[in-house]
Ligand code: FAS
Ligand code: PHB
């Protein structure tokens, strides 16, 4: 097989890149390790920045999003019994879009199918060859058969645990990481959301988040120790702890019900530099991870794909290699600002036993300042809605 671009990973990064390249007449093949059903069974992000929505519209995959998504002009921060709305639209000029990553991925898969895009599922043991040459190629096994794809470029869109980043010689890669001493227990329930907009709550016992997928599908999270397992959290315990973490008026509005999905995700900040090695380009979670507190993971994948698709299209349209050469630095400049914001939101809202009473007082002072200062709220709003691409 031959294609201009070989893409490893059929998540949002890989599928969006394939879609944008296809619309520009550039051929690609997506190699995905799992089945389509498995990929679509993942429950992940919920908040889209304006830039991500604009890119999905440009890719021709936002018709359902424009019909079904909610636009939120604000977000609330709760601290104990206090609840403060951050007016995103007034402070940063626009809000955010609520539309689950699962739906984004479904729309991308549908578009790939409609355009006859090549997405190979259950591609086993994908391996990268010749990335530091002008003629790289990929190999994998499909139904026990050895397969090969010759290409001009390889996009590593295979997430944090993928093969792409691990294929870069360790001596060529600088890694930056912070692992947080807790995780998020997430629950999806067919219940009406507890509030009109998202609520990020800091409670003395820990963090909680009230989000949603629609007016009848709610998404909630509570901070849990890394040692906890889903089996430790029957629904009754989850609802009891969540309602305790929320201000009384929000807890009173909480509609509980059976969980239809329950999972624990660890939290880490991670960046690999550079996001390129020869003709291999990393994008999305393959290159960086943010704690979900700032709702940046999926949105950084979108800006990476904006830059990478522009660079590849520029190369094929006119032999321009400037975009390819600038890709890593350009993507990392935005990545690091989102890493800072996600780390700040996580540090502000979670319980860190190891920072002791002084650390807790610092969090309380920062929240008091945030609630009283338009300048502080503007900083949060600008970062939350998404910094410019
Ligand atoms: P993905 O991980 O989504 O996709 C990578 C794809 O590559 C997967 O389908 C995988 O099966 C495939 N793959 C991996 N190795 C391969 C190989 N060797 N060969 C072939 N294919 C391979 N972000 C938020 O903004 N908010 C959230 O609440 C949130 N929650 C999250 C919860 C979890 C458990 C995780 C893991 C992430 C969460 N994220 C969240 C971040 C998430 O949304 C990512 O930012 C987003 O999925 C990034 O998309 P991709 O870069 O496509 O990576
Ligand atoms: C979600 O709806 O899953 C969600 C929303 C905002 C976040 C993280 C997750 O910061």
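The values are calculated or read from the model by the stated rules, or taken from the named source; none is laboratory data. Please read all numbers here as calculations on a predicted model, not as lab measurements. Every residue, glycine as well, gets a Cβ built from its backbone with ideal geometry; the counts of neighbours run over all protein chains shown.
Here are some residues: 117, 80, 9, 51. Which one is within 28 Å of residue 345 (Cβ to Cβ), away from ligand 2 (no atom under 16 Å from the Cβ) and more than 21 Å from the chain's Cα centre (by Cα)?
Within the list 117, 80, 9, 51, the selection yields 80.
Residue under question is residue 68, and the condition is that it be at negative phi, surrounded by fewer than 15 Cβ atoms within 10 Å (Cβ to Cβ), within 16 Å of ligand 2 (Cβ to nearest atom) and in contact (Cβ under 8 Å) with a residue 40 or more places away in the chain; does it hold?
Spelling it out, residue 68 is indeed at negative phi, surrounded by fewer than 15 Cβ atoms within 10 Å (Cβ to Cβ), within 16 Å of ligand 2 (Cβ to nearest atom) and in contact (Cβ under 8 Å) with a residue 40 or more places away in the chain.
Which one of 269, 263, 259 is closer than 27 Å to residue 196 by Cβ, within 13 Å of ligand 1 (Cβ to nearest atom), in contact with a strand residue (DSSP E or B) (Cβ under 6 Å, 6 or more places away or on another chain) and in contact (Cβ under 8 Å) with a residue 12 or more places away in the chain?
Checking each option against the conditions leaves just 263.
Which of the residues that make up segment 64-79 are under 22 Å from residue 292 (Cα atoms) and not in a strand (DSSP E or B)?
Within segment 64-79, 65, 69, 73, 74 meet the criteria.
For segment 30-60, what are the residues that are in contact with a helix residue (DSSP H, G or I) (Cβ under 8 Å, 6 or more places away or on another chain), at pLDDT 95 or above and closer than 30 Å to residue 141 by Cβ?
Within segment 30-60, 30, 32, 36, 39, 40 qualify.
Any residue in segment 1-22 that is in a helix (DSSP H, G or I) sitting within a Cβ distance under 7 Å of a residue that is within 11 Å of ligand 1 (Cβ to nearest atom) and modelled with pLDDT under 95? List the pairs, counting only those 6 or more apart or interchain.
none
Report, by residue number, each residue of segment 317-345 that is touching a strand residue (DSSP E or B) at 6+ places or on another chain (Cβ under 6 Å) and within 16 Å of ligand 2 (Cβ to nearest atom).
339, 343
Could you grab me the full set of residues in segment 340-389 that are in contact (Cβ under 8 Å) with a residue 24 or more places away in the chain, loosely packed, with under 14 Cβ neighbours inside 10 Å and within 22 Å of residue 197 (Cβ to Cβ)?
The answer is 374, and nothing else.
Going through segment 13-65 one residue at a time, which ones are crowded, with 18+ Cβ neighbours inside 10 Å, away from ligand 1 (no atom under 16 Å from the Cβ) and more than 23 Å from residue 158 (Cβ to Cβ)?
Matches in segment 13-65: 62 only.
Going through 301, 311, 295 one at a time, which residue ends up being modelled with pLDDT of 95 or more and more than 9 Å from ligand 1 (Cβ to nearest atom)?
Unique residue meeting the criteria: 311.
Out of 267, 280, report the one residue that is closer than 27 Å to residue 56 by Cβ, away from ligand 2 (no atom under 16 Å from the Cβ) and at pLDDT 95 or above.
The conditions single out 280.
With respect to residue 354, is the statement that it is within 16 Å of ligand 2 (Cβ to nearest atom) and either assigned to a helix (DSSP H, G or I) or farther than 24 Å from residue 150 by Cα (or both) true?
So residue 354 does not fit the description; no.
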